[in-house]
Amino acid sequence: MKDFSVRDQVQQAAVELFATKGYANTSVQEVVEAAGVTKGAMYHYYRSKDDLLFGIYERLLTLQQEHLDEIIGRGMPVAETLRAACVDVIETSIEYMPEGTVFFRSMHMLTSERHEEVMRRRRRYNDDFVALIERGQQDGVYRTDIPRAVLMAHFFSDLHYLSQWYNPSGPESGTEVAEQLTELFLDSLTKGAGS
């Protein structure tokens, strides 16, 4: 348990510092001081600051992919599956908003190898998500008059801008926002389907 708490302490300290000072303006020394650990303890889990930045987002990528795999694995009708997937990715993005915000601001600073790994992981998630839309289109549940790439951009652009407007201490919970955005997306996806 102690091993996980050190890793979590380092990652949480990094998220807070990267969010307030920026990735480029935060030193490893500042991270370990804020985490209350030694550099040696940090380097036991993260080889570099780049590795730490990747680790922040990797945790969210892994969580969301595991959730999507589990949702698809339930074998529900495609409309229920896509609804559950939409709600989940929004809820987890809200729950991990600081991590997502740090990453999107700093992703361009990753090494090319790490950047490629992130793109590969995100493509896998997107491919699984697109496959749900394709299945719904084949079943006549979703419209086919708009390219899937546009439908995906419509949904994920809302998701990626959450940190610009959503306030976790505002009047609506993350679940309420997730359900509202999902309804808007699914309404746009089903309008004109089967006609």
Worksheet, complete the sentence: The residue from 151, 110 that alone is at pLDDT below 95 and over 25 Å from residue 71 (Cα atoms) is 110
Worksheet item: In the range 162-174, what count of residues is obtained for those that are in a helix (DSSP H, G or I), open to solvent by less than 90 Å² (accessible area, probe 1.4 Å) and under 24 Å from residue 107 (Cα atoms)?
Response: 2
Worksheet, complete the sentence: Note: among 90, 94, 146, just one is surrounded by 15 or more Cβ atoms within 10 Å (Cβ to Cβ), β-branched (Val, Ile, Thr) and out of contact with any Leu (no Cβ under 6 Å at 6 or more places or on another chain), namely 94
Fill in: Top-ranked residue of the range 15-37 - restricted to ones that are open to solvent by less than 50 Å² (accessible area, probe 1.4 Å), in contact (Cβ under 8 Å) with a residue 60 or more places away in the chain and not in a loop (DSSP other than H, G, I, E, B), ranked as nearest to residue 58 (Cα to Cα)
15
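Residue-by-condition table, conditions (1) touching a Pro at 6+ places or on another chain (Cβ under 8 Å); (2) open to solvent by 90 Å² or more (accessible area, probe 1.4 Å); (3) more than 17 Å from residue 93 (Cα to Cα):
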{"residue": "130", "(1), (2), (3)": "no, no, yes"}
{"residue": "138", "(1), (2), (3)": "no, yes, yes"}
{"residue": "155", "(1), (2), (3)": "no, no, no"}
{"residue": "160", "(1), (2), (3)": "no, no, no"}
{"residue": "176", "(1), (2), (3)": "no, no, no"}
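The values are calculated or read from the model by the stated rules, or taken from the named source; none is laboratory data. As the structure is a computational prediction, the values presented were derived from the model and not from experiment. Quick reminder, even Gly has a Cβ in these numbers, built from the backbone with ideal geometry, and neighbours come from all protein chains shown. These area figures cover heavy atoms from the full protein model, side chains too; ligands, DNA and RNA do not enter into them. Shrake-Rupley method; radii C 1.70, N 1.55, O 1.52, S 1.80 Å.
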